[in-house]
Amino acid sequence: MNSIFGNIDDLFLFCAVVEEGSLLSASKRLQLPVSTMSRRLTALEDRLSIRLLEKKGRELVATKDGEAAFAALSSGMESLHQGFSSLLEERDAIQGKMKLAVPHNFYSGFLRSTIEQYLVEYPNVQLDLTLSQQQVVPQTDRDLLITFKISDMEGMIARPLFKAKHGFFASPDYLDSHSAIKNPGDLEHHDWINVDDVFDIPLYKSDRLEQMVTIKPKFIVNDINAVAAAALKGLGLASLPFRHVSPEMNLIQVLPEYHRGDRQAYLVYKERKYQPKALTLLIDALIESVRSFHSDDLVK
């Protein structure tokens, strides 16, 4: 910030030297080199054509003109300091309203306790939580989204959270009543249950992409729990996260040597230079909660 006298910081430096009683003490308080402060104060005196400080013994003290200048400036400098301190305190306060959009199974599976604990620790934070598979693109710097799809998230920060591994599953009843599945091409002739409208599925063997298959969904439902339930009912094949298929479930893995490939989940929010502290702490808490799980065990 500049005034007609140059950089207003130089006036603040002058007031600090008078308050502290020495250039060395002021430099320690402001964490500036003595040489820098001395140069800037000399330049200030040259611009004003006034001698503000003089040496008295080993210390710098205000001249008569310096005392007058200090009397005129000190209250204003203090007001500026308090004003900016209040702004910084408000910025760093752990308060305000935030929004978080996550799939229901993310929340119930491994985020519920983290979010509840966060709200207990920071009672002045209000959290608007949306449990949905739908994309809720962050609109403000207090919005968060956990998603697998970031193709339409241009200009956002997308931090990798975990990778979910999928296999192909069906019920014994479905497999008994439909044509055999012996190779990847057979997948295209079966009914499918999908969590989204992605119909072209990549098939990997180990880490190598073997081919793409185009499936025909019979049922699309935007919740992985509903997809698994429909597969159990024999409505069709389903691409399911391995952790989601428990030993008690009566599902059979189809073409076990193939998999869909790892699906990367992201924590998405708007890019901002000065991020609210409440949001920073929530981001850290969410990332830490994910790290407590092995990526192979996480669900979509």
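Give me the pairs: first residue in the range 103-117 and in a helix (DSSP H, G or I), second residue at pLDDT below 80 and surrounded by fewer than 16 Cβ atoms within 10 Å (Cβ to Cβ), beta-carbon distance under 6 Å, and six or more apart or on different chains, which are they?
Pairs that qualify, where the first residue is in a helix (DSSP H, G or I) and the partner is at pLDDT below 80 and surrounded by fewer than 16 Cβ atoms within 10 Å (Cβ to Cβ), are Phe110/Phe293.
Does the range 243-253 include one or more residues that are among the hydrophobic types (A, V, I, L, M, F, W, C), closer than 24 Å to Val102 by Cα and touching a residue at least 12 places away in the same chain (Cβ under 8 Å)?
For the range 243-253, residues among the hydrophobic types (A, V, I, L, M, F, W, C), closer than 24 Å to Val102 by Cα and touching a residue at least 12 places away in the same chain (Cβ under 8 Å): present.
Against the definition (farther than 28 Å from Pro202 by Cβ, open to solvent by 50 Å² or more (accessible area, probe 1.4 Å) and either of a type outside the set (Val, Ile, Thr) or touching a helix residue (DSSP H, G or I) at 6+ places or on another chain (Cβ under 9 Å) (or both)), how does Gln135 come out, yes or no?
no
Restricting attention to the range 186-220, which residues are without any contact (Cβ under 8 Å) to a residue 60 or more places away in the chain and among the acidic types (Asp, Glu)?
Across the range 186-220, the qualifying residues are Asp186, Glu188, Asp191, Asp197, Asp200, Asp207, Glu210.
Can you run down the residue pairs with Cβ atoms below 9 Å, 6 or more apart or on separate chains, where the first is in the range 33-46 and over 14 Å from Cys15 (Cα atoms) and touching a residue at least 24 places away in the same chain (Cβ under 8 Å) and the partner is open to solvent by less than 50 Å² (accessible area, probe 1.4 Å) and not in a helix (DSSP H, G or I)?
These pairs meet every condition: Ala43/Gly6.
Restricting the range 262-288 to residues that are surrounded by fewer than 17 Cβ atoms within 10 Å (Cβ to Cβ) and in contact with a strand residue (DSSP E or B) (Cβ under 6 Å, 6 or more places away or on another chain), which is nearest to Met153 (Cα to Cα)?
Glu271
Six or more apart or on different chains, Cβ under 7 Å: which pairs go from a residue in the range 52-73 that's closer than 14 Å to Leu11 by Cβ to one that's aromatic (Phe, Trp, Tyr)? Could you list them?
Leu52/Phe14; Ala62/Phe70
So which pairs qualify, if the first residue must be in the range 174-185 and farther than 15 Å from Gln253 by Cβ, the second must be open to solvent by 70 Å² or more (accessible area, probe 1.4 Å) and part of a loop (DSSP other than H, G, I, E, B), the Cβ gap must be under 8 Å, and the two must be at least 6 apart or on different chains?
As it stands, the answer is none, since no pair meets every condition given.
Output yes when any residue across the range 23-33 is touching a strand residue (DSSP E or B) at 6+ places or on another chain (Cβ under 8 Å), at pLDDT 85 or above and open to solvent by less than 50 Å² (accessible area, probe 1.4 Å), and no when none is.
Checked the range 23-33: at least one residue is touching a strand residue (DSSP E or B) at 6+ places or on another chain (Cβ under 8 Å), at pLDDT 85 or above and open to solvent by less than 50 Å² (accessible area, probe 1.4 Å).
So which residues in the range 246-259 are open to solvent by less than 30 Å² (accessible area, probe 1.4 Å) and either of a type in the set (A, V, I, L, M) or under 29 Å from the mean Cα position of the chain (by Cα) (or both)?
Leu251, Val254, Leu255
Go through the range 182-202 and count every residue that is outside any strand (DSSP E or B) and open to solvent by 30 Å² or more (accessible area, probe 1.4 Å).
The total comes to 9.
Filter the range 262-300 down to the residues that are part of a helix (DSSP H, G or I), modelled with pLDDT of 75 or more and farther than 20 Å from Arg112 by Cβ and list them by number.
Within the range 262-300, Lys277, Thr280 meet the criteria.
Identify, from the list Asp128, Asp141, Asp152, the residue that is touching a residue at least 12 places away in the same chain (Cβ under 8 Å), surrounded by 14 or more Cβ atoms within 10 Å (Cβ to Cβ), acidic (Asp, Glu) and farther than 30 Å from Pro247 by Cα.
Asp141
Could you tell me which residue of the range 203-231 is most open to solvent (accessible area, probe 1.4 Å), considering only residues that are β-branched (Val, Ile, Thr), within 18 Å of Gly185 (Cα to Cα) and assigned to a strand (DSSP E or B)?
Thr214
Counting only residues that are closer than 28 Å to Glu116 by Cα and of a type in the set (D, E, K, R), how many does the range 234-261 have?
Here the count works out to 1.
Restricting the range 158-175 to residues that are open to solvent by less than 50 Å² (accessible area, probe 1.4 Å) and within 26 Å of Ser113 (Cβ to Cβ), which is farthest from the chain's Cα centre (by Cα)?
Once the filter is applied, the top-ranked residue is His166.
The values are calculated or read from the model by the stated rules, or taken from the named source; none is laboratory data. All figures in this text were calculated on a predicted structure; none of them were measured in a lab. Quick reminder, even Gly has a Cβ in these numbers, built from the backbone with ideal geometry, and neighbours come from all protein chains shown. In case anyone asks, the SASA skips ligands and DNA or RNA and just uses the protein heavy atoms, side chains included. Shrake-Rupley method; radii C 1.70, N 1.55, O 1.52, S 1.80 Å.
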